[in-house]
Amino acid sequence: MESAIAQADEADEAAVTRLVDSFYDRIRAEPRLGPIFENAIQDWDQHLQVMRDFWSRALLGTERYHGCVMSPHFGLPIEAVDLDRFLELFRPTADSTLPADTARRAIQVAEAVTQNLRRAVK
Ligand code: HEM
């Protein structure tokens, strides 16, 4: 029983890794968003690890992420259209990398954060 739970956890964490890795591959190739990220991020390995921790906490309830989501975005050249594009890329990535119910929750989290960012950047 215990090992079944451990395996489920591992599968869940693997899904979070799939989400983050394939989402940021798409972001980096996107003509508008790619340069915003490339200019701001010095260490991609570290950023991807922070993002895996963020999504692990948001979707699996782990305690891995303790940062502040909003503050690193202040001062970035983000416009409303960039947040639309972020969600356009995020939704299909979540659908293709996560189980359906988890994908739905992930999309809700992304929509809530973009909503907050929208207020901050407008
Ligand atoms: C156009 C939209 C966005 C852009 C351009 C953007 C860009 C960035 C950049 C440049 C960083 C800082 C990385 C670093 O300094 O190493 C960052 C951090 C972060 N972003 Fe975004 N982001 C966007 C939207 C979002 C959304 C919608 C979410 C949540 C779903 C999100 C979650 C985070 C988190 C959790 C961090 C790490 C914060 C920390 O250091 O604790 N971002 N983002």
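General remarks:
- Qualifying residue in the stretch 43-57 (condition: under 20 Å from Leu117 (Cα atoms), acidic (Asp, Glu), part of a helix (DSSP H, G or I) and out of contact with any Phe, Trp or Tyr (no Cβ under 8 Å at 6 or more places or on another chain)): no
- For Ser96: the one exception among (1) part of a helix (DSSP H, G or I); (2) more than 11 Å from the ligand (Cβ to nearest atom); (3) farther than 14 Å from Arg18 by Cα: (3)
- Residue satisfying all of: in the stretch 30-89; under 28 Å from Glu10 (Cβ atoms) and among the charged types (D, E, K, R); nearest to the ligand (Cβ to nearest atom) among these: Asp43
Condition check ((1) without any contact (Cβ under 8 Å) to a residue 60 or more places away in the chain; (2) surrounded by fewer than 12 Cβ atoms within 10 Å (Cβ to Cβ)) across all residues:
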residue: Asp53; (1), (2): yes, no
residue: Glu63; (1), (2): yes, yes
residue: Pro77; (1), (2): yes, yes
residue: Thr102; (1), (2): no, no
residue: Ala106; (1), (2): no, no
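Throughout, read-outs are computed from the coordinates displayed, never taken from laboratory work. Values in this document were obtained by computation on a predicted structure and should not be read as measured data. In this analysis, Cβ positions are derived from the backbone assuming ideal geometry, glycine residues included, and neighbour counts consider all displayed protein chains.
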